[in-house]
Every structure is written in structure tokens, then in C-alpha cells.
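Asker: Could you have a look at this structure, given as C-alpha cells, before my questions?
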Amino acid sequence: MPDRTDQGSTEGAVRAVILAGGLGMRLRPYTMVLPKPLIPVGDQPILEHIIRRLAAAGVRRVDLCLGKHLGGLIETYFTQATTLPDGVEIVYHWEQEPLGTAGALRQLTDLDGPFIAMNGDVLTTLDYAELLAAHAASDAALTIAMQRQNVEISLGVIESQNGTVSGYREKPSLTYDASMGIYVYEPRALAHLPSDGPCQFPELVLRLLDAGERVAPFRSDAVWYDIGTITEYERAVRDLRLRPEVFRA
């Protein structure tokens, strides 16, 4: 695939960057023939659901970061798609080597304001306008959308210290705030990326914190599917079939 970074001309538009260059290993065998963002949920690919909801929130430019693995199919689909909202510009950026979930953003050289960045396998009813407003009020370099998740442990958990059992919990439930894979960046956050090579998002977060930059949380109880596994994909397909109006943008 040739190295193409096409820069668009939609000035002053709300902007979103979608990371769509992964291999989708946990969704095989589906991703052996289709890139994960093109796997259908209902009558639309995951990525089309994402773009339609972003457009409904005022996004007018979408930058797609694509990799060598079947990325050409994504470009072909959206070049020919006739169902996308009017006024949405799609710009393609190609990785010759995997750059990671933060390093891929180095390809965007014309950022002049806050922008949404997200993974290309997230299906959600998150209010993007509310997320942007919260970020603007936070004075943060980066805002991370998160959701409270319970993790069920199917075994008894032993607490011990100095050779003595101090507690025992049978099949406890642990609660965490999990990243939804959706963020708002200020351009200054990208100055903390390493100059070359791959960089994953958690590494960038730690770099920002070490530099004294503010990273803000945004908790959401929106419907959310992180379609990285067959189980989660099947759950999204089933739920959308039962409630097709939920993701209608």
C-alpha cells in the first residue's frame, strides 16, 4: 500500500480521529477476510455506526488511521459509500509499520484545536458533544471517557501476610473505571509522544502525568460495546437486533 496522507480542507470543523489499523486477532476468523471496523453490526459496519454518530454530534472531518492489514478495503468502502451523512469529509492516513494507539497520531500534522480520538471498534451512545464540553471546562491536555465495570472473580481470593492468612473472599466482584477507548486531546498532548517508533496510549498517559499535564476523566453510563472479542461482538449484534433504535443517528 503506498504511503498516502491526504490532508483535507474543512476549516474550523469539529474533528475526530479513528484508529482503524489493528489486526483484530481476537475476532478471528472474521478478521481474516474483513478488517475489524468493517464487520457488520446490523445493516452497517461498526465504523459506519461510529461516523454517523460523530456526524450527529457536529463532527465534519474524520481522519482514519489505517494499517496494511486490509486497510484498502476500508478506503474502498467509504469511497463508494452513499449512506454517510452529507458534509462529512474523510481523510486517510497510512501506517507503513504499526505505530500504536497513540503513535499513530504523529501522522496528523495540521491539528490546531481539540479533537476526538477513538478506537475503530467502539459502538456507543456516548454524547460526544457533552464529552467535548467537559474537556473544554477541564483545562486538561487529555480527557479519557470511562465507564464503571464490575469484574467477577470465579475463585475464592485469599489475603495473606507474613505467612498467615488474614482474609478470605469467596468469588468477589471487583469494580474499576475502564477506559472506553474514546478521548479528547489538546494538540499540546502530542508533543509528549516519542519522536519515532510505536507508542501505546497508556504510555502517553504516563508521559503526560510525569510532565505535570492534567489528564481528566469523563465518566459515562452510555450504552457501550468494545467489539474486540467474538463474545462482545455477538452481544452487540443481539442487542442491536432487539433494540435497533438505540444506535440510530
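Asker: Can you spot a residue in segment 136-153 that is surrounded by 12 or more Cβ atoms within 10 Å (Cβ to Cβ) and free of Cβ contacts under 8 Å to residues at least 12 places away in the same chain?
Answerer: Looking through segment 136-153, none of the residues is surrounded by 12 or more Cβ atoms within 10 Å (Cβ to Cβ) and free of Cβ contacts under 8 Å to residues at least 12 places away in the same chain.
Asker: Still on this model: Looking at segment 122-173 only, could you name the residues that are closer than 30 Å to Glu245 by Cα, part of a strand (DSSP E or B) and β-branched (Val, Ile, Thr)?
Answerer: Within segment 122-173, Val122, Thr124, Thr143, Ile144, Val151 meet the criteria.
Asker: How many residues are surrounded by 13 or more Cβ atoms within 10 Å (Cβ to Cβ) and closer than 17 Å to Ile144 by Cα when one looks only at segment 220-238?
Answerer: Total meeting the criteria: 6.
Asker: Could you check, for segment 195-203, whether at least one of its residues is out of contact with any Cys (no Cβ under 8 Å at 6 or more places or on another chain), closer than 25 Å to Ala133 by Cα and part of a helix (DSSP H, G or I)?
Answerer: Taking segment 195-203 and keeping what is out of contact with any Cys (no Cβ under 8 Å at 6 or more places or on another chain), we get 195-203.
Among the residues that remain, those that are also closer than 25 Å to Ala133 by Cα are: 201-202.
Applying the additional criterion that residues be part of a helix (DSSP H, G or I) yields 201-202.
Yes, that holds for at least one residue.
Asker: Do the conditions hold for Ile182, that is, is it under 20 Å from Leu209 (Cβ atoms), of a type in the set (Val, Ile, Thr) and modelled with pLDDT of 90 or more? Give the steps one after another, and end with the answer.
Answerer: Numbers: under 20 Å from Leu209 (Cβ atoms): yes; of a type in the set (Val, Ile, Thr): yes; modelled with pLDDT of 90 or more: yes.
Judged against the criteria, Ile182 is a match.
Asker: Follow-up. Restricting attention to segment 81-88, does a residue exist that is among the polar types (S, T, N, Q) and not in a helix (DSSP H, G or I)? Can you show your working first?
Answerer: Of the residues in segment 81-88, the ones among the polar types (S, T, N, Q) are 82-83.
From what's left, not in a helix (DSSP H, G or I): 82-83.
Checked against the condition, which is being among the polar types (S, T, N, Q) and not in a helix (DSSP H, G or I), segment 81-88 yields at least one hit.
Asker: Listed residues Thr164, Thr175, Thr125; which is β-branched (Val, Ile, Thr), surrounded by fewer than 18 Cβ atoms within 10 Å (Cβ to Cβ) and without any contact (Cβ under 8 Å) to a residue 24 or more places away in the chain?
Answerer: On the way: Thr175 fails: without any contact (Cβ under 8 Å) to a residue 24 or more places away in the chain; Thr125 fails: without any contact (Cβ under 8 Å) to a residue 24 or more places away in the chain.
Sole residue among the options that is β-branched (Val, Ile, Thr), surrounded by fewer than 18 Cβ atoms within 10 Å (Cβ to Cβ) and without any contact (Cβ under 8 Å) to a residue 24 or more places away in the chain: Thr164.
The values are calculated or read from the model by the stated rules, or taken from the named source; none is laboratory data. Computed from a predicted structure; not experimentally measured. Note that each Cβ is placed from the backbone with ideal geometry, even for glycine, and that neighbours are counted across all protein chains shown.
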